[in-house]
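S.K.: The structure under discussion is supplied below as C-alpha coordinates; questions concerning it will follow.
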Amino acid sequence: HNSVAVRRSALAALSELELVNDKEYTIASVSPLLEDRDELVRQDAWSLLHRLVPSKADLAIIAAGARLKHGRTDAKFSAINALIDASTTSPTASARAVAALSVALQDRGRGLRVAALGALAQACSSGRAER
(Lines give C-alpha, C1' and ligand atoms only; values in the text may rest on other atoms or scores of the structure.)
Protein backbone atom coordinates (compact mmCIF):
# COMPACT_ATOMS: atom_id res chain seq x y z
CA HIS A 1 0.00 0.00 0.00
CA ASN A 2 1.20 3.55 -0.67
CA SER A 3 0.38 4.98 2.77
CA VAL A 4 3.13 4.74 5.38
CA ALA A 5 0.52 4.99 8.14
CA VAL A 6 -1.37 1.99 6.75
CA ARG A 7 1.81 -0.12 6.47
CA ARG A 8 2.85 0.81 10.03
CA SER A 9 -0.65 -0.01 11.33
CA ALA A 10 -0.52 -3.36 9.59
CA LEU A 11 2.83 -4.07 11.24
CA ALA A 12 1.39 -3.15 14.64
CA ALA A 13 -1.52 -5.52 14.06
CA LEU A 14 0.84 -8.31 13.00
CA SER A 15 2.89 -7.64 16.11
CA GLU A 16 -0.19 -8.22 18.27
CA LEU A 17 -1.36 -11.24 16.31
CA GLU A 18 1.99 -13.02 16.24
CA LEU A 19 1.26 -14.26 19.74
CA VAL A 20 -1.77 -16.24 18.56
CA ASN A 21 -1.11 -16.81 14.86
CA ASP A 22 1.41 -18.82 12.93
CA LYS A 23 4.90 -17.40 13.51
CA GLU A 24 6.14 -18.41 10.04
CA TYR A 25 3.18 -16.62 8.41
CA THR A 26 3.97 -13.47 10.37
CA ILE A 27 7.65 -13.66 9.40
CA ALA A 28 6.74 -14.15 5.74
CA SER A 29 4.35 -11.19 5.89
CA VAL A 30 6.81 -8.85 7.61
CA SER A 31 10.07 -9.69 5.82
CA PRO A 32 9.26 -7.81 2.57
CA LEU A 33 8.89 -4.65 4.66
CA LEU A 34 12.60 -4.81 5.47
CA GLU A 35 13.02 -3.32 1.99
CA ASP A 36 10.30 -0.67 2.38
CA ARG A 37 11.12 2.80 1.13
CA ASP A 38 10.11 4.37 4.47
CA GLU A 39 12.66 4.24 7.31
CA LEU A 40 10.01 3.99 10.06
CA VAL A 41 8.36 1.00 8.38
CA ARG A 42 11.76 -0.70 8.04
CA GLN A 43 12.50 -0.04 11.74
CA ASP A 44 9.12 -1.44 12.79
CA ALA A 45 9.68 -4.53 10.65
CA TRP A 46 13.16 -5.10 12.14
CA SER A 47 11.78 -4.66 15.65
CA LEU A 48 9.07 -7.27 15.11
CA LEU A 49 11.42 -9.72 13.41
CA HIS A 50 13.96 -9.38 16.25
CA ARG A 51 11.23 -10.50 18.65
CA LEU A 52 10.16 -13.40 16.45
CA VAL A 53 13.61 -14.63 15.39
CA PRO A 54 16.15 -14.62 18.21
CA SER A 55 18.87 -16.31 16.13
CA LYS A 56 21.12 -13.79 14.37
CA ALA A 57 21.94 -16.33 11.65
CA ASP A 58 18.26 -16.97 10.93
CA LEU A 59 17.52 -13.24 10.97
CA ALA A 60 20.35 -12.66 8.48
CA ILE A 61 18.86 -15.28 6.16
CA ILE A 62 15.41 -13.71 6.41
CA ALA A 63 16.80 -10.25 5.67
CA ALA A 64 18.86 -11.54 2.73
CA GLY A 65 15.83 -13.41 1.41
CA ALA A 66 13.77 -10.20 1.54
CA ARG A 67 16.49 -8.31 -0.35
CA LEU A 68 16.71 -11.11 -2.89
CA LYS A 69 12.99 -11.01 -3.52
CA HIS A 70 12.19 -7.31 -3.19
CA GLY A 71 15.47 -5.39 -3.44
CA ARG A 72 17.25 -3.55 -6.22
CA THR A 73 19.54 -5.57 -8.49
CA ASP A 74 22.74 -4.61 -6.68
CA ALA A 75 21.10 -5.50 -3.34
CA LYS A 76 20.06 -8.86 -4.78
CA PHE A 77 23.66 -9.75 -5.63
CA SER A 78 24.83 -8.81 -2.13
CA ALA A 79 21.97 -10.91 -0.72
CA ILE A 80 23.25 -13.93 -2.65
CA ASN A 81 26.69 -13.49 -1.06
CA ALA A 82 25.13 -13.10 2.40
CA LEU A 83 23.15 -16.30 1.90
CA ILE A 84 26.29 -18.21 0.88
CA ASP A 85 27.99 -17.03 4.09
CA ALA A 86 24.95 -17.84 6.22
CA SER A 87 24.65 -21.33 4.75
CA THR A 88 27.90 -22.35 6.40
CA THR A 89 26.69 -21.72 9.97
CA SER A 90 24.54 -24.85 10.40
CA PRO A 91 22.59 -27.45 8.41
CA THR A 92 19.36 -25.64 9.31
CA ALA A 93 20.80 -22.34 8.08
CA SER A 94 21.95 -24.07 4.92
CA ALA A 95 18.44 -25.40 4.25
CA ARG A 96 16.93 -21.95 4.82
CA ALA A 97 19.53 -20.33 2.56
CA VAL A 98 18.76 -22.87 -0.18
CA ALA A 99 15.05 -22.05 0.07
CA ALA A 100 15.77 -18.31 -0.12
CA LEU A 101 18.15 -18.73 -3.07
CA SER A 102 15.57 -20.77 -4.97
CA VAL A 103 13.50 -17.59 -5.31
CA ALA A 104 16.27 -15.97 -7.35
CA LEU A 105 16.01 -18.69 -10.00
CA GLN A 106 12.73 -17.06 -11.05
CA ASP A 107 14.25 -13.59 -11.46
CA ARG A 108 14.14 -12.04 -14.94
CA GLY A 109 17.83 -11.15 -14.87
CA ARG A 110 19.95 -13.93 -16.36
CA GLY A 111 23.05 -12.83 -14.44
CA LEU A 112 21.19 -13.07 -11.15
CA ARG A 113 19.83 -16.51 -12.01
CA VAL A 114 23.33 -17.76 -12.87
CA ALA A 115 24.75 -16.31 -9.65
CA ALA A 116 21.91 -17.89 -7.65
CA LEU A 117 22.53 -21.27 -9.27
CA GLY A 118 26.20 -21.15 -8.30
CA ALA A 119 25.26 -20.06 -4.79
CA LEU A 120 22.77 -22.91 -4.51
CA ALA A 121 25.51 -25.40 -5.32
CA GLN A 122 27.70 -23.88 -2.60
CA ALA A 123 24.90 -23.76 -0.03
CA CYS A 124 23.91 -27.35 -0.74
CA SER A 125 27.46 -28.58 -0.39
CA SER A 126 27.86 -26.61 2.87
CA GLY A 127 24.79 -28.27 4.31
CA ARG A 128 25.94 -31.73 3.27
CA ALA A 129 29.44 -31.28 4.64
CA GLU A 130 28.10 -30.45 8.10
CA ARG A 131 25.78 -33.43 8.41
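S.K.: Do you know the relative contact order of the chain, to the nearest whole percent, from alpha carbon pairs under 8 angstrom that are 6+ apart?
M.R.: 18 percent
S.K.: While we're here: If I stretch the segment between ASP38 and ALA12 completely, what's the gain in nm (0.36 nm per residue apart, minus their alpha carbon distance), one decimal?
M.R.: Answer, rounded to one decimal: 7.8 nm.
S.K.: Which of the helices in the chain meet the span-like rule: DSSP H, Cα axial reach of 18 Å or more, Kyte-Doolittle mean at least -0.5?
M.R.: Span-like helices here: 4-17, 39-52, 56-70, 73-86, 91-104, 110-129.
S.K.: Here is a follow-up. Just to verify a number: FRET efficiency for VAL4 and VAL103, C-beta to C-beta distance, R0 = 30 Å, to 0.05?
M.R.: Working from the Cβ atoms, E equals 0.70.
S.K.: 222 nm [θ] for the chain, helices only, -39500 (n - 2.57) per DSSP H run of 4+, per residue, to 500?
M.R.: Working: 7 runs with 99 residues, N = 131.
After summing the helix terms and dividing by residue count, I get -24500 deg cm²/dmol.
S.K.: Here are labelled values, [x] 13, 41, 32, 13, 1; [y] 11, 23, 16, 14, 12, 9, 7, 5, 3, 1; [z] 8, 12, 12, 14, 13, 9, 7, 7, 6, 6, 4, 2, 0, and one is the computed P(r) over Cα pairs in 10 Å bins from 0, in percent for what I pasted. Which one?
M.R.: Correct label is [x].
S.K.: Express the accessible area of the chain per residue in Å², computed with a 1.4 Å probe while the remaining protein chains stay in the model.
M.R.: 57 Å²
S.K.: Highest GNM mean-square fluctuation, the chain, Cα pairs closer than 10 Å: which of VAL30, VAL103, VAL41?
M.R.: VAL103
S.K.: Right, another one. Work out the FRET efficiency for HIS50 and ARG110 from their Cβ-Cβ distance, taking R0 = 30 Å, and round it to the nearest 0.05.
M.R.: Between HIS50 and ARG110 the formula returns 0.25.
The values are calculated or read from the model by the stated rules, or taken from the named source; none is laboratory data. Bear in mind that the values here come from a model prediction, so they are computed numbers and not experimental data. Backbone-built Cβ (ideal geometry, glycine too); neighbour counts: all protein chains shown. For accessibility, only protein heavy atoms count, side chains too; no ligands or nucleic acids. Shrake-Rupley method; radii C 1.70, N 1.55, O 1.52, S 1.80 Å.
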